[in-house]
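Asks: Here it is: the structure, laid out below.
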Amino acid sequence: MTGTLITVAPTGAEHAKSDVPNLPVTLEELVAEAVACEAAGAAMIHVHIRGEDAAPTLDPQRLKDTVAALRSETNLVVQLSTGGAVTDPEAHRLRVLDAMPDSASCTMGTVNFGDDVFMNRWEFIVELHRRMRERRIVPEYEIFDLGQLATLRRLLDQHGPPAGGHVHVDLVMGVPGGMPGDASTLVAAAQAIPEGATFSATGVGRTTLPVMLASLSAGGHLRVGMEDTISFARGERVRDNAQLVARAAELASLAQRPPLSADEVRSMIRVAESN
Ligand code: KMH
Ligand code: ZN
């Protein structure tokens, strides 16, 4: 493992713009953050979009415009969230793939999500996997709990490898209801990912730093961003997403695993050239 994939998740579906005024919610804000994050060392962007009212949306045209704008202004690998918000219906989440991103998230099971439930039925997972293969969109398998890695194995055994053949996993740790964001859990998860797969990890809230350090030391990659944390240090709010990316890039470089370029990531996770 020579370098580190840094993914930025700049917005998410959970924070309200009224609570977090520097959250990027318009297309202009998102693109500006993406450009700054790319300059700071990010190679991939995990995208949730917002509507005119700054509330989460999966509007198909807006998703297409977002993919086009990010492709035109950056060289980042563009990953759309199919997780959306906990209230989004399955049909809308499946329709996200029509925007033809390079990559899309695909969560491996239902999980308690704070006071809510993030629903991911087996049949829904299979349908997402099938449609991504059809469209040659590279999945990032989102893992919120250890048992979801068994579901990933079941999926690959029963329905074959993803588009491109490479398996990339993202451990989303520290969600209230999911696996804790600590080193021993990360090591357990890293040992359970399929052979040959790569993984990144993100720690929600105050688990950001322990998860980042544990992932680097276990050979993993990093996801950071305001989707997952809005505090930079105790009592200090995040200034912008690039601040989180710059810190991740610095730690990765200190670990002798400097940030990978977007093109290196395309070849690592096998993004289709035509997408
Ligand atoms: N917003 C969460 C309910 C994903 O993007 O695929 C789901 C989520 C996972 O963020
Ligand atoms: Zn997300």
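The values are calculated or read from the model by the stated rules, or taken from the named source; none is laboratory data. Source: prediction; values computed, not measured. No Cβ is skipped: glycine too gets one built from the backbone with ideal geometry, and neighbour counts run over all protein chains shown. All accessible areas refer to the heavy atoms of the entire protein, side chains included, with ligands and DNA or RNA removed. Shrake-Rupley method; radii C 1.70, N 1.55, O 1.52, S 1.80 Å.
Asks: How high is the FRET efficiency between Arg206 and Val86 when r is their beta carbon distance and R₀ equals 22 Å, given to the nearest 0.05?
Replies: 0.50
Asks: Give me the three principal axis extents of the chain from the C-alpha atoms, as integers in angstrom, largest value leading.
Replies: 46, 41, 40
Asks: Enter the accessible area per residue of segment 6-269 (Å², integer; probe 1.4 Å; all protein chains in place).
Replies: Per residue, segment 6-269 has an accessible area of 40 Å².
Asks: Once the Cβ-Cβ distance between Asn75 and Arg239 is put in as r, and R0 is 25 Å, what FRET efficiency do you end up with, to the nearest 0.05?
Replies: 0.55
Asks: Okay, moving on. Take the solvent-accessible surface of the protein heavy atoms, probe 1.4 Å, and return the percent of it on the chain that carbon and sulfur atoms account for.
Replies: Carbon and sulfur atoms account for 52 percent of the accessible area of the chain.
Asks: Follow-up question, since we're still on this one. Would you work out which of Ile269, Gln243, Ser231 lies farthest towards the positive end of the dipole of segment 186-275? Charges go on Cβ: Lys and Arg +1, Asp and Glu -1.
Replies: Looking along the dipole axis, the top candidate is Ser231.
Asks: Now a separate question. Work out from phi, with θ = phi - 60° and the Karplus expression 6.51 cos²θ - 1.76 cosθ + 1.60, the ³J(HN,Hα) of each residue of segment 238-243, listed in order in whole Hz, and give x for Gly and Pro.
Replies: 4, 7, 6, 5, 4, 4
Asks: Can you tell me the dipole magnitude for the chain around its Cα centre, using point charges on the Cβ only (Lys, Arg +1; Asp, Glu -1), in Debye to the nearest 20?
Replies: Magnitude of the dipole: close to 520 debye.
Asks: Let me ask something additional. Can you tell me how much longer the chain between Glu195 and Lys64 gets when fully stretched, taken as 0.36 nm per residue apart minus their C-alpha distance, in nm with one decimal?
Replies: Length gained between Glu195 and Lys64: 43.8 nm.
Asks: Follow-up. Taking all protein chains together and a probe of 1.4 Å, list Asp263, Asp170, Asp182 from the most accessible to the least accessible.
Replies: Asp263, Asp182, Asp170
Asks: Grab the beta carbon distance between Gln158 and Asp19, set R0 = 35 Å, and tell me the FRET efficiency rounded to 0.05.
Replies: 0.25
Asks: Among the DSSP beta bridges whose two residues both lie in the chain, what percent are antiparallel, rounded to the nearest 5?
Replies: Antiparallel bridges: around 20 percent, rounded to the nearest 5.
Asks: Can you grab the distance from the C-alpha centre of segment 227-275 to the C-alpha centre of segment 51-69, Å, no decimals?
Replies: Between the Cα centres of segment 227-275 and segment 51-69 lies a distance of 23 Å.
Asks: As a test question: what accessible area, to the nearest 10 Å², does Ser72 have when a 1.4 Å probe is rolled over all protein chains in place?
Replies: In the full protein context, Ser72 sits at about 80 Å².
Asks: What's the extension gain from Ala183 to Ser267 if we count 0.36 nm per residue and subtract their Cα-Cα distance?
Replies: 27.4 nm
Asks: Shifting gears a bit: Once phi is turned into ³J(HN,Hα) by the Karplus curve 6.51 cos²θ - 1.76 cosθ + 1.60 with θ = phi - 60°, what whole-Hz value does each residue of segment 102-117 show in order, with x for glycine and proline?
Replies: Rounded to whole hertz, the list is 5, 9, 8, 7, 8, 7, 8, x, 6, 8, 5, 9, x, 8, 10, 10.
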